[in-house]
1. State to the nearest 20 debye the size of the charge dipole of the chain about its Cα centre, where the only charges are +1 on K and R beta carbons and -1 on D and E beta carbons.
2. Find out how many positive minus negative residues lie around I143, taking Lys and Arg as positive, Asp and Glu as negative, among other residues whose Cβ is under 9 Å from that of I143.
3. Would you kindly state how much longer the chain becomes between D186 and I28 on full extension, computed as 0.36 nm times their sequence separation minus their alpha carbon distance, in nm to one decimal?
4. Note down the net charge around E102, summing +1 for each Lys or Arg and -1 for each Asp or Glu among other residues with Cβ under 15 Å from its Cβ.
5. Which of the aspartates and glutamates could a cross-linker span from K118 if the Cα-Cα distance has to be under 19 Å and same-chain partners fewer than 8 positions apart are dropped?
6. Relative to the Cα centre, what is the charge dipole magnitude of the range 47-134, using +1 at the beta carbon of each Lys and Arg, -1 at the beta carbon of each Asp and Glu, and rounding to the nearest 20 debye?
7. Which one, T122, S18, P159, projects farthest toward the positive side of the charge dipole computed for the chain from Cβ point charges (K/R +1, D/E -1)?
8. Normalised by the residues of the range 1-153, what does the relative contact order come to in percent, with Cα pairs under 8 Å and at least six apart?
Amino acid sequence: MQDPKASMNSNTFIEEWSAYALEHSQSIPDLLLELEKETYQKVLQPRMLSSPLQGRFLSLLSQLVKPKKILEIGTFTGYASLCLAEGLQKEGELHTIDNNAELVHLQEKYFTRSEYVKNIHTYLGDAIDIIPDIDCLFDLVFIDADKINYDAYFEQVLPKTKKGGLIISDNVMWSGKVLNKASTKDKSTVALQAYNIKLKLDSRIKTVLLPFRDGLTLSWVL
């Protein structure tokens, strides 16, 4: 049996490790600090928000790719959207999809206040239905929605992603649940386990799964 004190010490170490990493990374824009605070104050399951360190990582990836077109599946309150937008080309576009109407007002509040307001296009509804109607070839895709449909989203976006483009999949560690045999009733875990195997074996991409926060997979389109 694991010593509770050892577990607590381990968690404290991870928190301190992450805090140190964030302190020595790119500064977080004030608008994102406000959005993070309001999300935790007003929205259920605020943990769905990208962490500040993950946000800085997404921003850096976007700035490296320099995308003209970004697709985000799963807007939530728009934190990751604004991080990804930091790398957009001047006339670039970020298309972001979510099916939660209750979050629209919060998304609009912060998108409107950002310098990327004219670059961001929002969609309300099921991504499976919306993606085929977005007539774009994307440089960068961020998948962060319902886990059961990750495979379907991937198959939809791959033909719409440029060669050399990047597809990012979030929460692929699923709080560690993917490490153990899952019950057939746990459809999200089963779906993610199959998805992680699929990406490793898929000859159309080169993939690395990073044990970063809740797991982040980077897939380079060949």
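Any read-out appearing in this document is the output of simple, stated calculations on the displayed coordinates, not a laboratory observation. Bear in mind that the values here come from a model prediction, so they are computed numbers and not experimental data. Cβ placement follows ideal geometry from the backbone for every residue including glycine, while neighbour counts extend to all protein chains displayed.
1. That gives the chain a dipole magnitude of about 660 debye.
2. Residues close to I143 contribute a combined charge of -3.
3. 53.3 nm
4. Charge balance near E102 sits at -1.
5. E72, E86, E91, E93, D98, E108, D135, D139
6. Dipole size: approximately 460 debye.
7. P159
8. 22 percent.
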